[in-house]
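S.K.: So that we are looking at the same thing, I have put the structure below in structure tokens.
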Amino acid sequence: MMPHGWQTVMGASRVAGHSGLYACQLVNSPSNGNPGVVIYGNTNNGQQFFGGIPFTERPDSITAYFKYHIVLGDTAFFGVLLKKQGQFICSQWLPIAANGAVSSSFTQVTRGITYSDTNSADLPDSLIVGVICTNPHNQVNNMVWPAGDTLIVDDISFPGARETIPNGNFETWDSAFSYSPVGWYGSSGGPSDTVFSIKRTTSTFAGTYAALLQSFVGDGDSMSGYAGTIPPQDTMTTTPSFKVSQRYTTFSFAY
């Protein structure tokens, strides 16, 4: 199941909610090299932050209810990005909980928002908002996030704002099912994140299955048809993604 309208990069599941039936649980997935993260308004794999949903208010804070267990040395964050005519007037990662913090019952967390301008009448036209259960700026072990972080989020809102975050209470979920090849990374995106760049196909050269790569292009959204042994747009290229024991001279594949 996927939270309707939210982009997830694995590590997200539906659990019991704070005020309604459901909340969203985020868990790091070091084996797949992915953090537990949900983003609304952006479907470019959390990299370039294109897109955004219409939003024309200037909130001064964001709030949500959380349960969490954050490992030592790590921090969970809100992501709040407000744009006007394509330019950011607010781009922040706001801490939620850190360094071994544990909450076994839902706790309200509110964080103030600051802007890059001082004109309070300068209203945005679009919003991207997200929650991540690890520090997005503290990638370790070649894009593998630390294991053990768990964050359950529900009822995200901007206090005092008239406009709401769609499905900010995580009550609406979509059915989604796909296979991912073990040891390979792909891209994700598309409306409600039901699109993944690698699919399983029985159109093979040999064996039972092959990998089908697909790109996606939508209204301000994009996803590359990618399969690799490192995550897309990884710049940490000094460490190999898997061990080899010889000096290869050829590379072979079928397509």
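S.K.: Within the range 128-140, is even one residue in a strand (DSSP E or B) and surrounded by fewer than 16 Cβ atoms within 10 Å (Cβ to Cβ)?
M.R.: Looking through the range 128-140, at least one residue is in a strand (DSSP E or B) and surrounded by fewer than 16 Cβ atoms within 10 Å (Cβ to Cβ).
S.K.: Continuing with this model, one more query. Considering only the range 1-22, how many residues are modelled with pLDDT of 85 or more and at positive phi?
M.R.: Result for the range 1-22: 1.
S.K.: Which of the numbered conditions does Val71 fail, given that it passes all the others? Conditions: (1) hydrophobic (A, V, I, L, M, F, W, C); (2) out of contact with any strand residue (DSSP E or B) (no Cβ under 6 Å at 6 or more places or on another chain); (3) surrounded by fewer than 17 Cβ atoms within 10 Å (Cβ to Cβ).
M.R.: Of the numbered conditions (1) hydrophobic (A, V, I, L, M, F, W, C); (2) out of contact with any strand residue (DSSP E or B) (no Cβ under 6 Å at 6 or more places or on another chain); (3) surrounded by fewer than 17 Cβ atoms within 10 Å (Cβ to Cβ), the odd one out for Val71 is (3).
S.K.: When the range 23-38 is examined, which residues are found to be at pLDDT 80 or above, more than 10 Å from Val153 (Cβ to Cβ) and surrounded by fewer than 24 Cβ atoms within 10 Å (Cβ to Cβ)?
M.R.: Answer for the range 23-38, where residues must be at pLDDT 80 or above, more than 10 Å from Val153 (Cβ to Cβ) and surrounded by fewer than 24 Cβ atoms within 10 Å (Cβ to Cβ): just Val27.
S.K.: Quick one: Thr43 ticks every box in (1) within 30 Å of Arg162 (Cβ to Cβ); (2) at pLDDT 90 or above; (3) among the polar types (S, T, N, Q) except a single one, so which number is it?
M.R.: The single condition Thr43 does not satisfy is (2).
S.K.: I've got another one for you. Identify all residues within the range 38-90 that are under 16 Å from the mean Cα position of the chain (by Cα) and not in a strand (DSSP E or B); write none if there are none.
M.R.: Gly41, Asn42, Thr43, Asn44, Asn45, Gly46, Gln47, Gln48, Phe49, Phe50, Gly51, Gly52
S.K.: Could we say that Thr63 is buried (at least 20 other Cβ atoms within 10 Å of the Cβ), under 18 Å from Ile132 (Cβ atoms) and either in contact (Cβ under 8 Å) with a residue 40 or more places away in the chain or touching a helix residue (DSSP H, G or I) at 6+ places or on another chain (Cβ under 6 Å) (or both) here?
M.R.: The answer is no for Thr63.
S.K.: Kindly indicate the residue of the range 151-186 that is aromatic (Phe, Trp, Tyr) and touching a residue at least 60 places away in the same chain (Cβ under 8 Å) and also surrounded by the most Cβ atoms within 10 Å (Cβ to Cβ) among those meeting that condition.
M.R.: Per the criteria, the residue is Phe170.
The values are calculated or read from the model by the stated rules, or taken from the named source; none is laboratory data. For clarity, every value in this text was computed on a predicted model and none was experimentally measured. We place every Cβ from the backbone using ideal geometry, glycine too, and count neighbours over all the protein chains shown.
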